[in-house]
Amino acid sequence: MSLASIDVGLKRIGVAICVGSNIVTPKDAILRKNRNQAARDVNTFLKEWDIKKLIVGYPSSSEDMQKRIKHFVALLELEIPYEFQEENMSSIEAEDLIKGEIKYKRDGRIDSIAAKIILERYLSRQ
């Protein structure tokens, strides 16, 4: 089954996919101008990759972000099942993974690697 995960942030949405096997690949992050545009871009991404299930990163420590993420998922009007996956420390773990390899930029790479980590966590509990 083809899966995707998103790491929803206020400026970028990290995206990763797993198609066919348990190999998870980060994709280009979606830059967020406003929530409606971001929701359209996520829906387009899910259709382009024929995703059958979406895994959404969900922070257990921030009620404000939990509300924002639930609201964003509602905007997606998904026709596929989705699940929330605990995402705590995924961005810090992503930063540690790429330290020294690239200049630290806010271009979405860290966000998509965080989405990759979220999806790997989900797959490890299946």
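Test R40 against the stated conditions and say whether it is of a type outside the set (D, E) and free of Cβ contacts under 8 Å to residues at least 40 places away in the same chain. Considered against the rule, which asks whether it is of a type outside the set (D, E) and free of Cβ contacts under 8 Å to residues at least 40 places away in the same chain, R40 comes out as yes.
Close contacts from the stretch 107-121, counting a first residue that is in contact (Cβ under 8 Å) with a residue 12 or more places away in the chain and a second that is of a type in the set (F, W, Y), with Cβ to Cβ under 9 Å and a gap of 6+ residues or different chains, come to I110/Y104; I118/Y58. Quick check: is even one residue across the stretch 4-26 closer than 20 Å to I110 by Cα, surrounded by fewer than 20 Cβ atoms within 10 Å (Cβ to Cβ) and either touching a strand residue (DSSP E or B) at 6+ places or on another chain (Cβ under 7 Å) or among the small types (G, A, S) (or both)? Yes, the stretch 4-26 has at least one match. Of the residues that sit in the stretch 27-39 and are out of contact with any strand residue (DSSP E or B) (no Cβ under 7 Å at 6 or more places or on another chain) and within 14 Å of L76 (Cα to Cα), which one is surrounded by the most Cβ atoms within 10 Å (Cβ to Cβ)? Across the stretch 27-39, the extreme among qualifying residues is A39. Checking each residue in the stretch 40-78 for being among the basic types (K, R), farther than 14 Å from I6 by Cβ and touching a strand residue (DSSP E or B) at 6+ places or on another chain (Cβ under 8 Å) picks out only K52.
Read the figures in this text as sums done on the coordinates, not as results from a lab. Predicted model only: the values in this text are computed from it and were never measured. Methodologically, a virtual Cβ is constructed for each residue, glycine included, from the backbone with ideal geometry; neighbour enumeration extends over all protein chains shown.
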